[in-house]
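J.: This is the structure, below, for whatever I ask next.
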Amino acid sequence: PNGDYNYFFQMADGGLPESFTGCVFDPSQGTGNAAGQGSLDGSTCYPIGQVSQQAWTLQQSSPQLISVTFSGGQEGRLTLLDVVCDPTTYGTFQAMGEKTTLV
């Protein structure tokens, strides 16, 4: 949670399920979601990126950076996943924030 929302992510096995503890998608938008933005009470969840609409970019830097953009979320929302490939560190996931400009 970031104080305002809970965030959920799953890009394997077709994405997030239609509903689970902390997240209930509208039935018309419930399948194929890579990421969801859920209310703190768990009653609603908004899709913020589709598994089927992902684009990968490899940055030739050191350490190497892989960016995956999942578009197709509700009202133009998307999810950006940045992965740093650094074998000298242990990986963790952290929500970095949200851009509120909608298309």
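J.: From the C-alpha coordinates alone, can you work out the Kirkwood hydrodynamic radius of the chain, in Å?
T.: It is 14.4 Å.
J.: How high is the FRET efficiency from Thr88 to Ala12, r the C-beta distance, R0 25 Å, rounded to 0.05?
T.: Plugging the Cβ-Cβ distance into 1/(1 + (r/R0)^6) gives 0.40.
J.: Give me the net charge for the shell around Ser39: Cβ to Cβ below 13 angstrom, other residues only, Lys and Arg +1, Asp and Glu -1.
T.: Once all neighbours under 13 Å are counted, the net charge is -3.
J.: Per residue, how many Å² of accessible area does the chain show with a 1.4 Å probe?
T.: Computed with neighbouring chains in place, this is 67 Å² per residue.
J.: Tell me, what is a quarter of the convex hull surface for the C-alpha atoms of the stretch 1-60, in nm² with one decimal?
T.: Mean projected area for the stretch 1-60: 4.9 nm², to one decimal.
J.: With a point put 7 Å past each Cα toward its Cβ, work out how far Thr31 is from Trp56 in nm, to one decimal.
T.: Taking the simple label geometry, Thr31 and Trp56 are separated by 2.5 nm.
J.: If the only charges are +1 at each Lys and Arg Cβ and -1 at each Asp and Glu Cβ, what is the size of the charge dipole of the chain around the Cα centre, to the nearest 20 debye?
T.: 180 debye
The values are calculated or read from the model by the stated rules, or taken from the named source; none is laboratory data. Worth saying up front: this structure is predicted, and the values here are computed from it rather than measured. Cβ: placed from backbone, ideal geometry, glycine included. Neighbour counts: every protein chain shown. Side chains included, ligands, DNA and RNA excluded: accessible areas come from the protein's heavy atoms. Shrake-Rupley method; radii C 1.70, N 1.55, O 1.52, S 1.80 Å.
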